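Take a look at the structure below.
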Ligand code: ADP
């Protein structure tokens, strides 16, 4: 017989009683499974034709078709964007079906250096960027996935902060673990949007987001990656002043950095 999914909730019911609610959600989880497979299949099927289109567009030389140069530029930009959406959707599908991550050492010092380079490349000198490694600990988890999550927060900070703003990336110890945070002095987010930010394709301002080149999937990816690391996303924001996105990791996820004593005297 097919397995059934029962959702059980225990509710307080009077001073000494509890109400046990059991709901059969087999139907819902089956639909959810169909939805996931569908999104994964569509994304996968779009990948090949997109790669071909993108490849040919790169081959075309704007100098051969000077009157079409602006059109060609726009087509390249849009095909790249579509490719990014497909890659993000594939990543989300993978994250959704995964129930744990391989536990590898994620070296934070080099990762922070890479994130700084990414921020500088995106900002192109338009912001002042600070990266602080105050924690001096490494993480236990998936290096690739954590890189994507951290990098999404950095690129959002750059994209939603006008020229002249400040962006601070910080890795610091807390009472019960360590926090990775990205603070910007950008547009900020009105309070009534905060709870929905991690939904797929949710945008506070769709025109600003599209112009800035986002896929609308970044924070959804962040949420899933953090979930797989038993970490939590905290968002604080003041419209017109800026935002701080914080990833809170438990102590169990931290590792003392590797010492290079063995190399001393080589
Ligand atoms: P997008 O690709 O549209 O940036 P995300 O999932 O990364 O998608 O973010 C969802 C929405 O949250 C964005 O469209 C934007 O409106 C808002 N947002 C995310 N990061 C910031 C930030 N640092 N400052 C202001 N708004 C932000």
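The figures follow:
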quantity	calculated
The chain: Rg to Rh, with Rh as the Kirkwood radius over Cα pairs	1.04
Percent RCO, i.e. relative contact order, over the chain, from Cα pairs under 8 Å lying at least 6 residues apart	16
Label point 7 Å beyond Cα of residue 4 along Cβ direction - residues of segment 15-39 with amide nitrogen under 17 Å	20-31
Inter-part distance where segment 142-161 and segment 222-256 are each reduced to a Cα centre, Å	11
DSSP beta bridges in segment 90-208 [antiparallel fraction, %, rounded to 5]	65
Percentage relative contact order, segment 59-165, counting C-alpha pairs under 8 Å, at least six apart	29
Gain on full stretching of the segment that runs from residue 105 to residue 21 - 0.36 nm per residue minus C-alpha separation	26.0 nm
Compactness index (Cα Rg / 2.2 N^0.38 Å), segment 1-63	2.30
Cβ crowding within 10 Å averaged over residues, with 243-255, 61-73 ranked highest first	243-255, 61-73
Sum of -39500 (n - 2.57) over DSSP H runs of 4+, divided by residues of the chain (222 nm, nearest 500)	-14500 deg cm²/dmol
DSSP-defined beta bridges in the chain - what % are antiparallel, rounded to 5	85
Protection proxy ranking of 213-225, 30-42, 96-108 - average other beta-carbon atoms within 10 Å, highest first	213-225, 96-108, 30-42
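Every number in this text was worked out from the coordinates using simple rules, so none of it is lab data. Given the structure is predicted, the values throughout are model-derived calculations rather than measurements. Please note: Cβ atoms are built from the backbone with ideal geometry, for glycine as well, and neighbour counts cover all protein chains shown.
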